[in-house]
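**Student:** I have a structure here, written as structure tokens, and I will follow up with some questions on it.
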Amino acid sequence: MKKSVKAIIITASAFFALIAIVICGFFLIIEPSINLLNAPDLDPAQLTSYSRTVTISDKYGNPLDGAVCADNKLYVRLDELPQHTIDAFIAIEDKRFYSHSGIDYKRIASAAISNIKSRRFREGASTITQQLIKNTHLSNEKTLKRKISEMRLARQLERVYDKKQILESYFNILYFGSGIKGLGTACRVMFDKSPSELTVAQSAALAAIINNPAKYSPYKNPDNLEHRKNVVLGKMRDQGYLSQQGYETAKSENIAFGKNRRGNQFLEGLLKNTCAELDCSEKELFLRNLTLRTEYDGKIADAASELLDRHADIEGLMRILVLDNLSGGIVCDETNYDRFIDGRRSPASAIKPFVAYAPALENGYTPLSQIEDKPTKFGDYEPKNYRNVYRGFLSLKDALSFSSNIVAVKLLNDVGIDKARATADAFGLTLNENDDSSALALGGMKYGVTLTELANAYRTLANGGMYSDVHYIESVHTRDGICLQKSKSDLVRACGDDTAYLLTDMLMNCAQKGTAKKLSGIANIAAKTGTNGTDNGNTDCYCVAYTPKYTIAAWIGANEKPLDNKITGASCAKIIADLVDLCDLRSEKSFVMPQSVAYYEIDGLELRENHEVYLADPSLPKRYRLRELLSKRNLPIRKNVDIIDYFDGFIWENPYKFDFFDSLFGKNGDNS
């Protein structure tokens, strides 16, 4: 019996000793003055960076939206907030906030018991201080080391900052979904008011959202939010922040949320671009209080935003991008989405100029070269034309305007996949190693391209075949005006200036008579559309157009479900036409014709009857002659080569006067 008691005592002692060791070890590893796990230390700059600003100027040197706060937020000070707003967040997130020193041990124990009973992780125990640390110093990975580091830093923070400072930083790092960051921004976007004007019910709703911004989104799950809001109000009442009457009044208040917000696409792209240019994080960028000069044009951006509003009924993603051809500066980047988008998608037929037509023209084809447009099988691949319409023999110019899939695939197969890939790469459209099938001619790619890359490829055509990078940022300056960085990009030739000009001429025909004919009332504009989808709906619709001054890209893409089949590349062309009208972006100047191309007379009879391209013989009657634009380095020959030497010196010095031959052969070409 004595041995049994002794064994129990020894076992119990060992157990409690083990518990004591575990507890001591726990407090040892979360002690701020000791760093056993080589965890990061507290960095006050990570907290204060949220109040730092970056000044942005537009193309005219005017401030853009004044000073922009870190993470695209409106900074809120604690003394701006009503007490009931502070109470709402404390009641639901951390009721012992004012009494703990960074960690709520009672809550940890309660959560542990609850999770053990439910046999799953259903309840967390992070304090407001811990949430602040996690969002400013640590990643979101769910590991024991990360959690221990969070606790250690939370205790360290409470020794350095007082509760008011912690709360102010906390309110400025909260995420409310839909791209809304910070309480100040949430107030402006959701209620169109300053934080000082929040009601009790609105405060409770905001406190409810942060638990799970997707689940409690006022735009997608209003019923869930209503229930959670009432839970917050109940907590406020139970903890003495609200009377029963105050609770009932707030519970019955009808909260009207503003429409779902669009993300500031240009601003977010600018910050990403600047950080890449300076090789720094966004937090580091704001700590330096820099001035960013851009080529942003508010008039164009406002018009693009208006057009997005006009098409709010489209259940998909939309983006409008405008580039300055000369500088490569992004002057407008607008979207209907709530965060930055520039993902890789299939470019559909919008890629045809770069994988089919440009390499074909470089390889000796002319805009008049004839290819038969008919149902064709390429091994196991059997593409179809839109609505199964086939037009027989087509010139490259007409095939591009009608966006013939068959002709594009034939061209790709003829020039070869290696030539097509190399040409696309020269235009900034980098392909995956697996993009090596005939489907590439129609945008069949593993990863696709971004809208920015696609727009810049067309800008390269506008610039005579010279490629350079595009940029959001024109230059970066310190507060003292010292220039730290100026965006620049080396010019690289992507194709001959003859090929670029011929393609531009062909795409102008597409804008006047082809798939982009919604632009037909606009002079000096070249364009190409693209539509990708199935019978169940479309997934990506494009139009990229360019004048001598601007390149404009419009895209509509499926998000959670396919687009209506009525939405096509033509819909995007209409958006661009409207933007040109709203902003008066028409160009009176024509594209500059290079010396590498010229107009020549073609034998129209041979073209019509035999689908062959020949320069017109001097003896050919006028009625059979066609005046066409050709590259000087890829000129076709004459059919009757024997008479070339005799007539060349006379006729080709002035190829449009044929009085001599009319007198020789007769006005109708009949010399019988």
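**Student:** Can you pick out the pairs among Lys528/Lys549; Lys106/Lys251; Lys397/Lys517; Lys377/Lys410; Lys299/Lys549 whose Cα atoms lie more than 19 Å from each other? The partial results should precede the final answer.
**Tutor:** Details: Lys528/Lys549 17 Å; Lys106/Lys251 30 Å; Lys397/Lys517 15 Å; Lys377/Lys410 10 Å; Lys299/Lys549 16 Å.
Listed pairs above 19 Å: Lys106/Lys251.
**Student:** Tell me, what is the percent relative contact order of region 484-580, built from C-alpha pairs under 8 Å that lie six or more residues apart?
**Tutor:** 23
**Student:** Do any of Lys229/Lys272; Lys272/Lys486; Lys518/Lys589 go past 25 Å between their Cα atoms, and which? Each step should come with its number before you reach the end.
**Tutor:** Working: Lys229/Lys272 35 Å; Lys272/Lys486 16 Å; Lys518/Lys589 21 Å.
As for pairs spanning more than 25 Å Cα to Cα, those are Lys229/Lys272.
**Student:** Output the direction-averaged projected area (hull surface divided by four) of the convex hull of the alpha-carbon atoms of region 299-429, in nm².
**Tutor:** Over all viewing directions, region 299-429 projects a mean Cα-hull area of 10.7 nm².
**Student:** If I ignore ligands, DNA and RNA and count only protein heavy atoms, how much of Phe89 is accessible to a 1.4 Å probe, in Å² to the nearest 10?
**Tutor:** 0
**Student:** Oh, and also: What FRET efficiency comes out for Glu588 versus Asn565 if R0 is 22 angstrom and r is the Cβ-Cβ distance? Round to the nearest 0.05.
**Tutor:** Approximately 0.05, to the nearest 0.05.
**Student:** Where does each of 565-577, 242-254 land if you order them by average Cβ count within 10 Å, highest first? Intermediate results must be reported in sequence, preceding the final value.
**Tutor:** Numbers: 565-577: 22.1, 242-254: 14.2.
Ranking the peptides 565-577, 242-254 by packing returns 565-577, 242-254.
**Student:** With an 8 Å Cα cut-off and a minimum separation of 6 or more residues, compute the relative contact order for region 396-521 in percent.
**Tutor:** After rounding, I find 28 percent.
**Student:** Something else about it: Please give, to one decimal in nm, the separation of the simple spin-label points placed at Ile637 and Ala214, each 7 Å out from Cα toward the Cβ.
**Tutor:** 6.6
**Student:** Something else about it: Could you state the number of Å between the C-alpha centres of region 263-296 and region 146-213?
**Tutor:** Taking the Cα centre of each part, region 146-213 and region 263-296 sit 24 Å apart.
**Student:** Here's another thing I want to ask about it. How far apart, in nm, are two points set 7 Å out from the Cα along the Cα-to-Cβ line at Tyr175 and at Tyr98?
**Tutor:** 3.1
**Student:** Which whole-Hz couplings ³J(HN,Hα) result when phi for each residue of region 538-544 is put into the Karplus expression 6.51 cos²θ - 1.76 cosθ + 1.60, θ = phi - 60°, listed in order with x for Gly and Pro?
**Tutor:** Here the 3J(HN,Hα) series is 8, 10, 9, 10, 10, 8, 10 Hz.
**Student:** Using amide H atoms built 1.01 Å from N in the peptide plane, name the residues 5+ places from Thr127, or on other chains, whose amide H lies under 5 Å from its own.
**Tutor:** When sequence neighbours closer than 5 places are left aside, the close amide H contacts are Asp104.
**Student:** Determine, for each peptide in 326-338, 373-385, 415-427, the mean count of other beta carbons within 10 angstrom over its residues, then list the peptides with the highest first.
**Tutor:** Most protected by this proxy first, the peptides run 326-338, 415-427, 373-385.
**Student:** Is there a quick way to get the dipole size of region 347-489? I mean about its Cα centre, with the Cβ of Lys and Arg at +1 and of Asp and Glu at -1; what is the value in debye to the nearest 20? Spell out each step's value before the answer.
**Tutor:** Working: 15 positive and 16 negative charges, 76 e Å.
In total the dipole reaches around 360 debye.
**Student:** I've got another one for you. Measure off, as a whole percent, the carbon and sulfur share of the 1.4 Å-probe accessible area of region 377-528, all protein chains present.
**Tutor:** On region 377-528, the fraction of accessible area on carbon and sulfur atoms equals 46 percent.
**Student:** Per residue of region 228-234, in order, report the coupling 6.51 cos²θ - 1.76 cosθ + 1.60 (Karplus, θ = phi - 60°) as ³J(HN,Hα) in whole Hz, putting x for Gly and Pro.
**Tutor:** Karplus values, whole Hz, x for Gly and Pro: 5, 4, 5, 5, 4, 4, x.
**Student:** With +1 assigned to the C-beta of every Lys and Arg and -1 to the C-beta of every Asp and Glu, and no other charges, what is the dipole magnitude of region 147-259 about the Cα centre in debye, to the nearest 20?
**Tutor:** Using only the charged Cβ atoms, the result is roughly 380 debye.
The values are calculated or read from the model by the stated rules, or taken from the named source; none is laboratory data. As the structure is a computational prediction, the values presented were derived from the model and not from experiment. Here the Cβ is made from the backbone with ideal geometry for all residues, glycine too, and neighbour counts use every protein chain on show. Calculation scope for accessible area: heavy atoms of the full protein, side chains included, ligands and nucleic acids excluded. Shrake-Rupley method; radii C 1.70, N 1.55, O 1.52, S 1.80 Å.
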